[in-house]
Amino acid sequence: MNRRFDTVVVGGGIVGTTAAYYLAKAGKRVALVEKGRINGEQSSRNWGAIRTQGRDPSEIPMMLDCLDIWRGVEAELGESVGWRQQGQMRVIYDRKMRERSEAFMPTAREFGLTTRILTPSEVAEILPHYDARDCQGALFTPTDGCAEPEKVASAFARGASRLGAAIMDYTAAVSVDTQNGAVCAVETEQGRLDCETIVVASGAWTSRLLKPLGIRHPTLWIRGSVGRTGVLPIEMRKLVVWGKCAYRQCPDGRVNIAVAEDGFHDLMLDSLVHGLKFLPLAQRNWRNVRFSLGKPLMRSMMGEYADFTTHRMLDPRPDWKGLARASKRFLEEYPAAGPITYERAWAGYIDYTPDELPVIDALAKPHGLFVAAGLSGHGFGIGPIVGKTVSDLIAKGRSDYNLAPFSSRRFNHG
Ligand SMILES: Cc1cc2nc3c(=O)[nH]c(=O)nc-3n(C[C@H](O)[C@H](O)[C@H](O)COP(=O)(O)OP(=O)(O)OC[C@H]3O[C@@H](n4cnc5c(N)ncnc54)[C@H](O)[C@@H]3O)c2cc1C
């Protein structure tokens with residue numbers, strides 16, 4: 001096999017696979033290395049929401065262009081990924097939620113989003129089986145959508161492979177090699193891959209890969225859980241809805257229900273190393289953050305997470321108590337759906353940065369190193385344009401977006 005590439009992409013999630021796809025499409029010789037199965041971590045475990053609604057304004061120009069990618073993705077890749085543009089809704093139950101929804105409207109107007117605030121009767125019309133008794137309205141963006149997380153990154157990887165990219169699964173990148181201030185190779189389990197540029201799209205593992213280079217990438221792992229019900233006798237027109245919990249009906253009538261507002265942090269050594277940087281974020285979400293002291297702490301103390309080959313796929317335990325609470329809340333909204341049992345449940349570790357924004361950056365040192373990681377719980381929807389943006393930075397030497405808010409320097413000054 002050719003061991004020399006223009007670019008080596010580290011990570012086979014939505015960011016890495018889309019970066020590899022667009023780089024291969026631009027004519028670059030690309031290798032993608034993934035320590036486990038392609039699409040084994042966050043990108044296959046999320047809720048599937050693809051939204052402009054509620055986003056930080058700095059991400060919205062990219063996200064609007066990303067919707068164009070989503071609209072054309074099935075034609076582009078020649079396979080179904082479950083893309084449906086049927087809206088995103090956040091139901092309003094109290095004054096705080098109303099204020100939050102209204103606070104987003106100036107941003108929505110500034111960027112020309114389709115977002116509007118619905119009355120309770122409009123909500124009831126869109127959600128025929130929903131019990132609108134407690135409802136005070138909803139924030140609604142009809143042009144947002146969803147896709148099936150199990151399908152998307154794998155489809156992009158297949159697309160990249162058809163364009164000539166080498167897709168190497170079960171191949172961990174062990175380190176990044178540099179020479180004269182520039183990257184020159186990725187050392188992997190299968191040996192050295194020489195290259196001119198490297199894309200680090202390694203999700204929750206990024207800080208570990210960058211640390212030996214002296215680059216800080218502070219993230220905490222937050223565990224998110226999802227349960228899938230059997231087929232329910234209700235119809236919610238396939239919207240992604242945040243009500244008393246979060247939910248999305250699959251095309252076959254099953255419903256994915258998630259523990260929405262709660263973030264579960266399994267205490268680990270990283271909590272001590274990065275903890276202080278996360279105090280403002282923790283204070284803002286104090287009532288919703290839960291901590292757990294258990295096996296992950298032991299594992300991190302034994303150095304298991306320092307090694308990219310011990311955990312091929314992060315597969316944390318679902319928060320069953322939280323899922324039971326979520327199903328009760330779901331039944332308050334859809335009494336006709338009961339009783340609820342989950343056919344399966346899963347969880348994933350989300351890589352949160354302190355300001356909940358990603359790093360998308362061409363680093364000055366070492367030259368040739370590109371980082372696209374830390375997507376902070378909303379990276380599935382925006383992932384394809386993040387991958388394309390990194391590809392543009394490499395293939396065209398520029399990007400169409402203001403990437404200043406996503407600079408790695410915000411964690412590496414001084
Ligand atoms: C429960 C849950 C719900 C979510 N809901 C949503 C949602 O509705 N909408 C939304 O937009 N986002 C959502 N997200 C967030 C979204 O899934 C992530 O932001 C996004 O998938 C991140 O993609 P990624 O490619 O950066 O990371 P990942 O998908 O985690 O991929 C990184 C890959 O890099 C690999 N890797 C790491 N280190 C190495 C190494 N050294 N060598 C080789 N490979 C390596 C890993 O094995 C992994 O496969 C959710 C996440 C979770 C867990």
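No lab work stands behind these numbers, since they all come straight from the coordinates. Keep in mind that what you see is a predicted model, and the values were worked out from it rather than measured. All Cβ positions, glycine included, derive from the backbone under ideal geometry; neighbour counts span all protein chains shown.
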Starting from 0.36 nm per residue, how many nanometres of slack lie between Arg344 and Lys396 once their C-alpha separation is accounted for? 14.3 nm
Around Ile340, what is the net charge, scoring Lys/Arg as +1 and Asp/Glu as -1 over all other residues with Cβ under 12 Å from its Cβ? +2
Diffing segment 340-351: the Karplus 3J(HN,Hα) column from phi (6.51, -1.76, 1.60, θ = phi - 60°), in whole Hz with x for Gly and Pro, holds 9, 10, 8, 7, 7, 8, 8, 9, x, 8, 9, 9
Per DSSP, loop trypsin sites (Lys or Arg not before Pro) in segment 269-318 with at most 16 further Cβ within 10 Å: Arg312
May I ask what percent, to the nearest 5, of DSSP beta bridges between residues of the chain are antiparallel? 65
If packing is taken as the average number of other Cβ atoms within 10 Å across a peptide's residues, how do 396-405, 49-58, 139-148 rank, most packed first? 139-148, 49-58, 396-405
How large are Rg and Dmax for segment 1-150 when only the alpha carbon atoms are used, in Å? 19.2, 64
Distance in Å, no decimals, from the C-alpha centre of segment 340-357 to the one of segment 264-332 is 10
Tell me the volume per residue, in Å³, of the convex hull enclosing the alpha carbons of segment 54-119. 102
Where a ≥ b ≥ c are the square roots of the eigenvalues of the C-alpha gyration tensor, would you call segment 88-142 rounded, which needs a/c under 1.5, or, failing that, prolate if a/b is larger than b/c, or oblate? oblate
Given the Cα-Cα distance of Asp307 and Arg4 and 0.36 nm per residue of separation, how much length would full extension add, in nm? 106.6 nm
Gain on full stretching of the segment that runs from Lys211 to Val231 - 0.36 nm per residue minus C-alpha separation: 2.6 nm
Residue among Ala395, Ala258, Ala246 with the largest mean-square fluctuation in a Gaussian network model of the chain, springs linking Cα atoms under 10 Å: Ala395
Checking the cross-link filter: which lysines have an alpha carbon closer than 27 Å to that of Lys277, excluding same-chain neighbours under 8 positions apart? Lys96, Lys211, Lys295, Lys365
Here the equivalent ellipsoid of the chain, derived from its Cα gyration tensor, has semi-axes (largest first, whole Å) of 35, 23, 21
Tell me, what is the percent relative contact order of the chain, built from C-alpha pairs under 8 Å that lie six or more residues apart? 24
Amide H neighbours of Arg254 at under 5 Å, excluding residues fewer than 5 places away on the same chain, with H built from the backbone geometry, are Leu232
Considering only C-alpha atoms, what is the centroid distance from segment 1-55 to segment 107-123, in Å? 33
Can you tell me the relative contact order of segment 1-129? Whole percent, Cα pairs under 8 Å, sequence separation 6 or more. 17
For segment 220-352, go through all pairs of different Cα atoms, get the mean of 1/r, take its inverse, and jot down that Kirkwood value in Å. 16.2
If R₀ is 60 angstrom, what is the calculated FRET efficiency for the pair Glu125 and Gln179, using the beta carbon separation as r and rounding to 0.05? 0.40
